[in-house]
Structures are given as structure tokens and as C-alpha cells.
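A.B. asks: Take this structure first; my questions come after.
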Amino acid sequence: MGQMKGKASIEFEHPPVIISAGSVAGKKEGEGPLGQLFDKVEQDDMLGKDNWEQAESAMQKETAELAIAKAGIQKGDLRYMFAGDLLGQLIATSFGTVDLEVPFFGLFGACSTMGEAMGLGAMAVGAGYADTVLSMASSHFATAEKQFRFPLAYGNQRPMSASWTVTGCGAVVMSGTRKEGLARIRGITTGRMVDLGAKDSMNMGAAMAPAAFHTIEQNLEDFGVSESWYDKIITGDLGEIGRTVLLDFMREKGRDLRELHMDCGMEIFDKEKQDTHAGGSGCGCAAVTLCSYILPKIQDGTWKRVLFVPTGALLSTVSFNEGQSIPSIAHGVILEHIEA
């Protein structure tokens, strides 16, 4: 009971430590600003497989094995794995990780899945139900386009509000026994579903911004702090339009996030050189940016405390075709520098 904080948060008595992170990205992502930071850039987005879905599964397995090896453990040392993707029935994850033979919780939080996976993994470790867990999320441009929009061969035009689904996967290993690592998880704030009636699937940033706003506000309220408590507040994939909406919401609450806020979707691609419109999106967007860019900056002390808030639009092909609105969700994870 003592670890519960406010209405929706937990402050861990014994914060779990992220001891390793693995990141694998596609060719387009490798050509972006973060390209040199990924553990591996796949030049073939098919990863030598027969179809896009198998390619994403192969990317998940590769990323998990990278994170496990960097942690200096064996797959059998993992108590649980928390992971997910954007595909129906989580087939990228279940098919990709079956050979790991690790007890598995399959998760769907749309593009917020990395936050959900880390939150649940940290809860398991923090409560003593596991000593070591892996949290992971992936997306693939071609599998997402095939499922949610149009087949690639259709060659449809994309409005400027649309984002580009990241081909990438990020995984972290968390420990409850080690004291040294990339960062510690001070606490989490679990988001709730928010639906303000947005229906445009080509403008998911606007649909997700209200959920990001709610989770950030809930976090600040639950922990009794101001936004300046953080060096950075980082959302998952709001893109340019979603960021503008979020900053407007925060401004109405008397908070100025212009200097504190960063969005993974705006960091992963070069707007001027890469035709990605509003920015990057997908489960892999926040996951690979976290593992390649955010965690190293926390580890070296550039940022002492970060609120990491992956964002997700909870639409499906069925709900969209039925004309329903797009509920959204965002999960907050407090990441802190580990003092030597």
C-alpha cells in the first residue's frame, strides 16, 4: 500500500534498474538523425523473410536477444517478458519470441505499448514477483500500412497530418537485484482511456494529445510536483500537430512545456530530408528512441529525471470502418539517473 501514489501512480520503494537496452531499426530510420545510435540497422526491411509480418517477428527476436546478451544473462534468467506490437492477435510478438521460451504477457496498447510493458514489468520487479524481466515493443511500416491503411502497392497519397510508422523494435531488461545500469524506474503513472471524439485516422497526433495531457497532469498531481521537476517530458509519437495540441492544453493549465517537451516521433526522422510529414509513429517509435537515445542521456547524467510518456491511438480496422471515434491512452514512466 505504501507504494501507491495519488489516483493512478506508483512510487517504487525499491526502484527497478534498467540494466540493458537493445534497438533494431529499418533502413529509413537508419538514415535519420538517430541512425548512428541504433544497435543495428537492417538494410533489408524484409529481413530475408517471405512477408512483412515474418520480418517484424524476426526483428523482435533479434532485439530481445541483443538486450539479453547486453545484460550478461541467459534467456532462462528472465522471469517474465512483457511485449506487444500493432498487429491483430499480436502475431509479430508471439511468432517472433516463441523460441525464447520465456513466460510471456502479450500486450496491446497501440503505440503506448512500450510504456505499458515497462510499467507492468517494473510492477512485477518492484513487488518481488520477478527478479529480472524483459519489456519490448515493435512496429513495421509495411505491416501497419497493410493492416490499417492501404496495401503499399496502392500508392495512396498521405495528408500532411499523417505520421510514418517506424520500422523498429526496442527492448529493455529490468532487474530488482542489480544496483548499476542505464537508469532506474522511480515510478509510473498508468493512463486511462480518453476520447474527445476525433475520427481522423490520418491525424492520430491530435487524437492522442488529450491522453498525453491527462497522464502528464495526473503524474504531476499524484507526485505533488511541478513540470520543472523533470529535465524532459517525452511523448511517444504525437508528431508536430499532436505536440501543438498538447502544449495548448498544458498552457491552459498554466504550464509551459515548450522547453521541457520532446516527442520521439519528431526526433527519429529528419523533417527536411525525409518525407515523413508529421513525424514517426508506431510501437517501435518510442521504443527504439528510448533504447538508443533517451537512456544513454540519462545514464551519462545529461538528464537526471525524465517522464517518458508513450502515446497510443486505440483504433482498429473494424472500429474505423464502423465510423467510431478514436480513444487514446498514454502511460508515464519516471526514469532517473543512477548516481555512482
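A.B. asks: Suppose we keep only residues that are closer than 22 Å to C291 by Cα and aromatic (F, W, Y) within the range 48-107. Which one would you say is surrounded by the fewest Cβ atoms within 10 Å (Cβ to Cβ)?
C.D. replies: F105
A.B. asks: Kindly indicate the residue of the range 299-312 that is crowded, with 24+ Cβ neighbours inside 10 Å and either over 15 Å from G187 (Cβ atoms) or not β-branched (V, I, T) (or both) and also modelled with the lowest pLDDT among those meeting that condition. Full working, then the answer.
C.D. replies: From the range 299-312, those crowded, with 24+ Cβ neighbours inside 10 Å are 306-312; that's our starting set.
With the extra rule that they be either over 15 Å from G187 (Cβ atoms) or not β-branched (V, I, T) (or both), the set shrinks to 307-308, 310-312.
Numbers: L307: 98, F308: 98, P310: 96, T311: 94, G312: 90.
Going through the qualifying residues, I end up with G312.
A.B. asks: Identify, please: which residue in the range 28-41 is touching a strand residue (DSSP E or B) at 6+ places or on another chain (Cβ under 7 Å) and at pLDDT 95 or above and is, among those, farthest from G126 (Cα to Cα)? Before you say what the answer is, go through the steps one by one.
C.D. replies: Looking only at the range 28-41, we keep the residues that are touching a strand residue (DSSP E or B) at 6+ places or on another chain (Cβ under 7 Å), and these are 29-30, 35, 38-41.
Filter once more, keeping what is at pLDDT 95 or above: 38-41.
Values: F38: 29, D39: 28, K40: 31, V41: 33 Å.
Per the stated criteria, the residue is V41.
A.B. asks: Across the range 73-112, what is the total count of residues that are touching a residue at least 40 places away in the same chain (Cβ under 8 Å) and part of a loop (DSSP other than H, G, I, E, B)?
C.D. replies: Within the range 73-112, residues that are touching a residue at least 40 places away in the same chain (Cβ under 8 Å) and part of a loop (DSSP other than H, G, I, E, B) number 8.
A.B. asks: A further question follows. Got a sec? Which of L47, L90 is at positive phi, under 19 Å from the mean Cα position of the chain (by Cα) and not small (G, A, S)? Don't jump to the end; show me each part of the working.
C.D. replies: Details: L47 fails: under 19 Å from the mean Cα position of the chain (by Cα).
Sole residue among the options that is at positive phi, under 19 Å from the mean Cα position of the chain (by Cα) and not small (G, A, S): L90.
A.B. asks: Still on this structure: Is it fair to say F249 is closer than 28 Å to I10 by Cβ, without any contact (Cβ under 8 Å) to a residue 60 or more places away in the chain and of a type outside the set (K, R)? Outline the logic, then answer.
C.D. replies: On the way: closer than 28 Å to I10 by Cβ: yes; without any contact (Cβ under 8 Å) to a residue 60 or more places away in the chain: yes; of a type outside the set (K, R): yes.
Answer is yes for this residue.
A.B. asks: Please go through (1) crowded, with 19+ Cβ neighbours inside 10 Å; (2) touching a residue at least 40 places away in the same chain (Cβ under 8 Å); (3) over 18 Å from the mean Cα position of the chain (by Cα) for Q3 and return the number of the only condition it doesn't satisfy.
C.D. replies: Condition not satisfied by Q3: (1).
A.B. asks: Within the range 240-277, how many residues turn out to be closer than 19 Å to H331 by Cα, crowded, with 24+ Cβ neighbours inside 10 Å and touching a Phe, Trp or Tyr at 6+ places or on another chain (Cβ under 9 Å)?
C.D. replies: So the answer is 3.
A.B. asks: Now for a different question. Which one is nearest to S281 (Cα to Cα) among residues in the range 113-126 that are touching a residue at least 60 places away in the same chain (Cβ under 8 Å) and among the small types (G, A, S)? Spell out how you get there, then give the answer.
C.D. replies: First, the residues of the range 113-126 that are touching a residue at least 60 places away in the same chain (Cβ under 8 Å): 113-116, 118-119, 121-123, 125-126.
Restricting the remaining residues to those that are among the small types (G, A, S) gives 115, 119, 121-122, 126.
Working: G115: 14, G119: 20, G121: 23, A122: 24, G126: 30 Å.
Ranking the candidates gives G115 first.
A.B. asks: Looking at the range 146-166 only, could you name the residues that are modelled with pLDDT of 75 or more and not hydroxyl-bearing (S, T, Y)?
C.D. replies: V166
Rundown of residues vs (1) farther than 28 Å from D77 by Cα; (2) at pLDDT 95 or above; (3) out of contact with any Pro (no Cβ under 8 Å at 6 or more places or on another chain), yes/no style:
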| residue | (1), (2), (3) |
| --- | --- |
| Q3 | no, no, yes |
| A8 | yes, yes, yes |
| F12 | no, yes, yes |
| I19 | no, yes, yes |
| S23 | no, yes, yes |
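A.B. asks: Determine which single condition V225 fails, assuming it passes every other condition in (1) β-branched (V, I, T); (2) free of Cβ contacts under 8 Å to residues at least 24 places away in the same chain; (3) in a helix (DSSP H, G or I).
C.D. replies: Unmet for V225, out of (1) β-branched (V, I, T); (2) free of Cβ contacts under 8 Å to residues at least 24 places away in the same chain; (3) in a helix (DSSP H, G or I): (3).
A.B. asks: Collect the residues in the range 1-48 that are of a type in the set (K, R) and touching a Lys or Arg at 6+ places or on another chain (Cβ under 6 Å), keeping them in residue-number order. First the steps, then the outcome.
C.D. replies: Here is the first cut: in the range 1-48, the residues of a type in the set (K, R) are 5, 7, 27-28, 40.
None - no residue of the range 1-48 is of a type in the set (K, R) and touching a Lys or Arg at 6+ places or on another chain (Cβ under 6 Å), so the list stays empty.
A.B. asks: From K75, K40, K27, which residue is over 25 Å from K297 (Cα atoms) and among the basic types (K, R)?
C.D. replies: Details: K40 fails: over 25 Å from K297 (Cα atoms); K27 fails: over 25 Å from K297 (Cα atoms).
Within the list K75, K40, K27, the selection yields K75.
A.B. asks: Output the number of the condition that A71 fails; it satisfies all remaining conditions of (1) closer than 21 Å to M174 by Cα; (2) touching a His at 6+ places or on another chain (Cβ under 8 Å).
C.D. replies: Looking at each condition in turn, A71 falls short on (2).
A.B. asks: For R192, state whether it is of a type in the set (K, R) and either in contact (Cβ under 8 Å) with a residue 12 or more places away in the chain or under 25 Å from G301 (Cα atoms) (or both).
C.D. replies: Details: of a type in the set (K, R): yes; either in contact (Cβ under 8 Å) with a residue 12 or more places away in the chain or under 25 Å from G301 (Cα atoms) (or both): yes.
Yes: the conditions hold for R192.
The values are calculated or read from the model by the stated rules, or taken from the named source; none is laboratory data. Owing to the predicted nature of the structure, the values given are computational and were not obtained by experimental measurement. Neighbour counts run over all protein chains shown; Cβ positions are idealised from the backbone, glycine included.
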